[in-house]
Amino acid sequence: MQEDSRPVFLNLFQIRLPLPGIVSLAHRVSGVLLVLAMPLVLYLLMLSLRTPDDFRSVLECLHSPLFAIVLLCVLWSFWHHLLSGIRFLLLDIDIGLGRTSSWQSALVVLVAGILAALLSLLGIML
Amino acid sequence: MRSGLQGFRAWLLQRLTALFLVLGSLLLLVLMLCPPADNYESWKAWMEQPLTIVAIGLFSISLVLHAWVGVRDVIVDYVHPLGLRLMVLALSAVYLLGNLIWLLWILL
């Protein structure tokens, strides 16, 4: 492969992404987090079915304040990926392509994802 | 880089599995709101029903396919040396399939 002399600028912290861009980046990040969370989810599932004591341990873990951060990350990843994914599917069929409507839908998805994550965390912990 | 799953096919597979996963996720949410079990015995019994096992199995196969397309996109975007890229792709495939097999073991 020939050396490419075109300039490259990939410093994510200096690039000012528009809101839909942030939502898109978060979609990718949440996807990766979900994939990384698979073994954790499977482990909890396995424990919950093994013995009654293990089942209780899983419930205790889900209610523990220490685990809440991990749980929140996984929940947010799920919700954001789901909601921004639906937004992308709609964009695929040409719904919401305009500049303002795509900005608005990006905002809705971003906020709804965070709210849904917080709500589901509360739902699980209470 | 050539592979069996290219361009439009990968895109379509990702979208089709996405639709199936959206439906499955909605079902999952409904179940979380009205849980079919609240103790170990009823939970185990529910998870041993054929319908539950088939549904979860289908959902997971769809999930692994969907995740594979996504993970492959990410790897192709950020891992450029060909040898390293192939290794990371192979490890990711092993990881995803390993998770799937573990799930099937848990269910059965």
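The values are calculated or read from the model by the stated rules, or taken from the named source; none is laboratory data. All values derive from a computational prediction rather than experimental measurement. Cβ sites come from the backbone with ideal geometry, for glycine too, and all protein chains shown count toward neighbours. In case anyone asks, the SASA skips ligands and DNA or RNA and just uses the protein heavy atoms, side chains included. Shrake-Rupley method; radii C 1.70, N 1.55, O 1.52, S 1.80 Å.
Taken over the C-alpha atoms, the protein assembly as shown has Rg and Dmax values of 19.6, 65 angstrom.
For the stretch A:6-92, what's the relative contact order in percent, using C-alpha pairs closer than 8 Å and at least 6 residues apart?
Working: 36 pairs, mean separation 35.7, N = 87.
Reported relative contact order: 41 percent.
Take the Cβ atoms of A:Tyr43 and A:Leu19, set R0 to 45 Å, and the FRET efficiency comes out at 0.80. For the segment B:100-106, counting C-beta atoms of other chains within 10 Å of every residue's C-beta and taking the mean gives 3.
Solvent exposure of the protein assembly as shown amounts to 65 Å² per residue of accessible area, where only protein heavy atoms count and the probe is 1.4 Å.
Give me the inter-chain shielding for A:101-111: mean count of other chain Cβ atoms within 10 Å, whole number please.
Working: counts 0, 0, 0, 0, 0, 0, 0, 0, 0, 0, 0.
The shielding value for this peptide is 0.
What FRET efficiency do you get for B:Ala55 and A:Leu91 if R0 is 30 Å and r is their Cβ-Cβ distance, rounded to the nearest 0.05? Before the final figure, lay out each step's value.
On the way: r = 29 Å, r/R0 = 0.96.
So the FRET efficiency works out to roughly 0.55.
Taking only DSSP H segments of four or more residues, each worth -39500 (n - 2.57), what value at 222 nm results for chain A once the sum is divided by all its residues, to the nearest 500 deg cm²/dmol?
-28000 deg cm²/dmol
Counting only protein heavy atoms and a probe of 1.4 Å, the accessible surface of chain B is 77% carbon and sulfur.
As a check on your grasp of the helix formula, calculate [θ] at 222 nm for chain B: sum -39500 (n - 2.57) over DSSP H runs of n ≥ 4, divide by the residue count, round to the nearest 500. All intermediate terms of the calculation are to be shown ahead of the outcome.
Values: 4 runs with 90 residues, N = 108.
The helix-only estimate for chain B comes to -29000 deg cm²/dmol at 222 nm.
The share of Cα pairs per 5 Å bin across the stretch A:53-96, counted from zero up to the longest distance, runs 6, 20, 14, 14, 12, 10, 8, 7, 5, 2, 0 percent. Shielding value for A:37-49 is 4, the average number of Cβ atoms from other chains within 10 Å of each residue's Cβ.
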